[in-house]
Amino acid sequence: MSNQKEDSKYSNQGIRTHQLVKAGLPRRRAKENRFKAYGLICIVAGLGFLVILFGNIISHAWSAFEQTYIALDVTFDESIIDPEGRHDLETLTTADYPALLKKSMSALFPEVKERQQKRSLNGILSSGAPYELQRFLQQHPALLGKTERVWLPVDDDVDMLVKSQIDRTVGEADRRLKDFQIAWIDKLIADGRLEKRFNKQFFASGDSREPELAGIRGALMGSLFTLLVTAVLSLPVGVASAIYLEEFAPSNRWTDIIEVNINNLAAVPSIVFGLLGLAVFINFFGLPRSSPLVGGLVLTLMTLPVIIIAGRSALKSVPPSIREAALGIGASQMQTVFHHVLPLAMPGMLTGAIIGMARALGESAPLLMIGMVAFIVDVPGSLTEPSTVLPVQIYLWADSSERGFVERTSAAILVLLAFLITMNGLAIYLRKRYERRW
Amino acid sequence: MQKSTLLLLLLLISVYAFHVGQKRSQEIAQGKIKNLHSLPKYYGYYTALWAFLPALLLLFIWLGFESPVINHSVIETLPEESRSLSNDLKGLLINDIHNSLSGSAGETKPELKAAVEYLRDLKIWSNWLLSFLAVSFAFMGMYFARSRIRQGHRARNQVEKTVMWFLLGSSLIAILTTVGIVLSVLFESIRFFGKIPLSEFLFGLQWSPQIAMRSDQVASAGAFGAVPLFTGTLLISSIALIVAVPIGLMSAIYLAEYASLGFRSVAKPLLEILAGIPTVVYGFFAALTVAPFIRGLGADFGLDVSSESALAAGLVMGIMIIPFVSSLSDDFINAVPQSLRDGAYALGATQSETIRQVVIPAALPGIVGGILLAASRAIGETMIVVMAAGLAANLTANPLEAVTTVTTQIVTLLVGDQEFDSPKTLAAFALGLVLFLATLVLNILALHIVRKYREQYE
Amino acid sequence: MRQPENIPIPASFSRDQLQTVGDIFVENPRIQCRNVDVYYGEKHAIQDVNLDVGRNEVIALIGPSGCGKSTFLRCLNRMNDTILGCRVNGEIKLDGLDIYADGLDVVTLRAQVGMVFQKPNPFPKSIFENVAYGPRIHGLASDKFELEEIVEKSLRRAGLWDEIKDYLRHPGTGLSGGQQQRLCIARTIAVNPEVILMDEPCSALDPIATAKIEQLIDDLREDYTIAIVTHSMQQAARVSQRTAYFHLGKVIEVGDTALIFTNPRHQLTEDYITGRFG
Ligand SMILES: Nc1ncnc2c1ncn2[C@@H]1O[C@H](COP(=O)(O)OP(=O)(O)O)[C@@H](O)[C@H]1O
Ligand SMILES: [Mg+2]
């Protein structure tokens, strides 16, 4: 071997290497910066989507928390309300309130005479206004025979106009409100008779075909009942299942199958659970369609894998030394688990459970399958009554063509998101508060 | 008595039984707990279990058999011509009677009046009988358990055994769920394929499931070729992945390799919010904002974009699955051992060279697994496509046109009036079967790859 | 292995006496370190180290574990840059140029100062790609043949060629531990560096593989400057010309390997070498 020659070749090459590396540097550094910029752009894009989504929904939603009301001077004319002079409560419920309202309206616009026009005039009021008036009179029966200024909800088209969500500049033919109607409304505004007030209706009532009367109370109750069933069933079963698999199950093929199966179930599309619910709970067991009971059962099966997986990892994080300590002083395996391991794993399990519940709360696809999409006006009062849930309500409203439902859909979304954020916040708090490092 | 009230009552009885058992064991111990095999509270649990479980079992059996038995006896009371009806019609009749009872059917038909009365009586009777039997069972169980308590009685072992059965049973529910899914979808699918040949379903290019509701109506016979649905699903999912994979992967890389701790701790949870937003919200966003926006944008370029374009649905779905890709990729990138990065840095590689040529190839199996999971998510996603994609089963690869998907069709076929035997309804289950199988394969593959990958670096 | 905190400092020594004895300077230095301090966050891992590394010499860094040998070694090609919260103060010069200077690119520095790690860390790629990686990113080969030539030469130099020349397309992770480590050395010398840093390169290897690597280091000395961290004093004695003894982040003693092992001047060095702790 000629060492001498090799040596010189190497040192020459050293210089050459150095030059080559240097020569390539600017290009490589530029590439580096570009790559880094792509990364940043992608994150900004992701966060941008989030901002746009929230901004979009909030901007649509905020106006739904207000509703336009009209101030009407209503004369509670006894000859209309109680023509037979019976003076009992029954008459107050069956009285002809629309007639009272019509009179008050024409008192405001005495120049309107023609039938068709009169109908449009009365259309300024919400179709729920008579009921509001009835409720008002029932609360203040002393007003019978007197005249009183009452604030009543207006029709959704008027509401949209007041909220400037109807474009006045488009041609009359393409508008839901004609020029003469707009003139009336402008006059009412000028008289200070139209006012935007907090929309109690939205939180107090069930669904309705009329946007100004529709509320989320029914959907909220439905969600509550459904989630109640889910929690009552999935918590004990999920925790028990996690305990068995983590602490007691012999490690054999069966356990492997169960494990693979659970991981798999966690990734099965939610709509398939809906098909299961339809075929098994409704068609086979004959449980009532559209009911929170069935909804809760379906969501239970859907959330179980989430709870089991979270539960197992919580149990796994409890160090074996604790088990050995308890077993060492003669506790049975069951006692060890329930007295020592479970309390330590509980916060982690709860965190997983809350996250699972939050997911169940936002779920809608499987509930469509079991008929929780029906149009239901009544607020449900039990587990077996037909009802809907908040996300499905959102779906239903999103499908309606009325302009007034857009803002209500967004508002309902905001309420749903508020619940979800609270639940996830709680989960994060729990995790932070009870997090333990061994 | 309502069944929930009954359940509550049974629970109260078992609390009482707990005390009975505990006191009994203390009597038997004669003041020295040492005399007992187990602690007194175990005798309490033992007694409570005996009070509760048999009664609960009775309750469940009753619930299972109550309505068939009642329905059968109601049918028996009907006139001869009703009893000879086909099973389907009998079912309708029973439904009528039930609806009359609950008052939701308006006027009761005169010929059913007697049956309705009878049904009401039966229901009341059944309820009282059940309540009586269940409560007796509870007390009998309690006294039986109490009589068994002796000094050497191994109450703890028996209680623990029962608990063990409960634990085991709970873990089997997951299996039962899978079996339930498979059976229910398979069963109805087989019935579907009895009417429509499998080959037509899998390879037919025409999908229009509108079938005449009544047999005498003249209408299209309905076509059940699902290929347009498959291609539609694939089109929208591909768009979603094309959006989500680069953005998710690059975000994960930036967060894992470049971002400062502070930035990471803010940006990562914020990105993950995207995964927590209910899909119905995305659907609303897609239909209300994104689709019109894309349509408008297309119009500016002289393109005719459908208002239910695959692009809008796919785009929004892509946004939804960004965090899936990014958080899984993030995990896997972090799992690549630092020593590999050190090896590349020590050779003089820049950070991006290290990432692209060493870290990503090393993390690739995991990332691929994550992408497969995201794909399965996209295929099974329902609300976004129901709200933003169309119903028209177009066989096209043009993202600006409207397409429909498997999940959309399942929803449309099953929501609203349904007849349980029509191919239209059954088709939904056949589509469900395809969906289940497709996602199953993807999931198993993904989970397998991910697990292999985790083992490699553990 | 004991924690640094447990290393006894004999009562007769105060901290002031923990100053370097022996000659830190060499005639023809390749690397010069002056007043080097390294912090991991609050932790002061290297304290005021002054040390020269000569041309074509093998210097061994020894000392109890946790005393900062790796930390110091990683300063020399700025591998510490990759550790969050690690700060380096002082001056380190390679051939008279400050390697922490503002305008200097770590990429060129690391091409000049290669590193071999304690645990063999071949990339999950083929053997060929492992060795070719450095030349590729730096653009050292103008064509495929030159690249193949570089790979073959590096593998030969690392004494691995004959064993694996038929398996170049097989994954590098499939080799034995000793082969993997030699592959990593081949990978390093394929870039044609001037200095090679080795951090306990044999600690994960069996005696036969260790012997091969030691032989390799001896060969490489002709062309490269080598700094090697080792736990084995025999190894230090076999492969190095100079030795530096580290203790709690300071260089206690530097000198000819032969002298340090036969005649340590500092009490701590003597205690370590005679096996009283470490
Ligand atoms: N990444 C790090 N972060 C914080 N402290 C570190 C880090 N690496 C090493 N140290 C600390 O610095 C000291 C020196 O470590 P090291 O250089 O690895 O010692 P040696 O290689 O001599 O065993 C040790 O006390 C160690 O705990
Ligand atoms: Mg070290």
Sites excluded, trypsin sites (Lys or Arg not before Pro) in DSSP loops with at most 15 other C-beta within 10 Å, longest stretch of chain C: C:56-164
For chain A, average projected area of the Cα convex hull in nm²: 41.5
19 Å Cα-Cα reach of B:K3 towards lysines, excluding residues that sit fewer than 8 places from it in its own chain: B:K123
Shielding by other protein chains, C:172-179, mean Cβ within 10 Å: 0
Sites matching GluC sites (Glu not before Pro) across segment C:203-278 that sit in DSSP coil, with at most 16 neighbouring C-beta atoms within 10 Å: C:E222
Estimated buried accessible area (total), pair B and C, 1.4 Å, Å² to nearest 100: 1600
Peptide A:16-25 - average C-beta neighbours from other chains (10 Å radius): 6
Within a Gaussian network of chain A (alpha carbon springs, distance under 10 Å), most fluctuating of A:I124, A:I428, A:I70: A:I428
Segment C:75-174: chymotrypsin sites (Phe, Trp or Tyr not before Pro) in DSSP coil with no more than 15 other Cβ atoms inside 10 Å: C:Y167
Neighbour-limited loop hits for GluC sites (Glu not before Pro), segment C:87-164 (at most 10 other Cβ within 10 Å; DSSP other than H, G, I, E, B): none
Choice from A:I58, A:I354, A:I15 with maximal GNM fluctuation in chain A (Cα, 10 Å cutoff): A:I15
Straight-distance crosslink candidates among lysines, where the alpha carbon sits under 17 Å from C:K119 and sequence neighbours closer than 8 are dropped: C:K69, C:K212
Between helix A:97-108 and chain A: long-axis angle, C-alpha atoms, 0 to 90°, nearest 10: 80
Accessible surface of chain C, 1.4 Å probe, proportion on carbon and sulfur as whole %: 48
Between 0 and 90°, nearest 10: helix B:261-276 axis offset from chain B longest Cα axis: 60
Chain A: relative contact order as a whole-number percent, Cα under 8 Å and 6+ apart: 18
Whole-Å distance, taken between Cα centres, linking segment B:45-81 and segment C:82-122: 80
Reach of B:K41 by Cα under 14 Å, taken over aspartates and glutamates that are not fewer than 8 positions away in the same chain: B:E27, B:E160
Choice from A:A45, A:A231, A:A325 showing the highest fluctuation, given a GNM over chain A with Cα pairs closer than 10 Å: A:A45
Separation between Cα centres of segment A:308-367 and segment A:238-288, rounded to whole Å: 18
Long-range Cα-Cα pairs in the protein assembly as shown (distance over 56 Å), rounded percent: 39
Area accessible to solvent at A:E195, 1.4 Å probe radius, in Å²: 80
Cα-based helix-to-principal-axis angle, C:207-220 vs chain C, degrees rounded to 10: 90
Residue-normalised accessible area of segment A:199-354, given per residue in Å² at a 1.4 Å probe: 37
Of every Cα-Cα pair in chain B, the percent that sits beyond 42 Å: 46
Solvent-accessible area buried by A and B, counting both chains, probe 1.4 angstrom, square angstrom: 6500
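The values are calculated or read from the model by the stated rules, or taken from the named source; none is laboratory data. Note that the structure is a prediction, hence the values are computed from the model and not measured. Cβ atoms come from the backbone with ideal geometry, glycine included; neighbour counts cover every protein chain shown. Just so you know, the surface numbers come from the protein's heavy atoms only, side chains and all, with ligands and any DNA or RNA stripped out. Shrake-Rupley method; radii C 1.70, N 1.55, O 1.52, S 1.80 Å.
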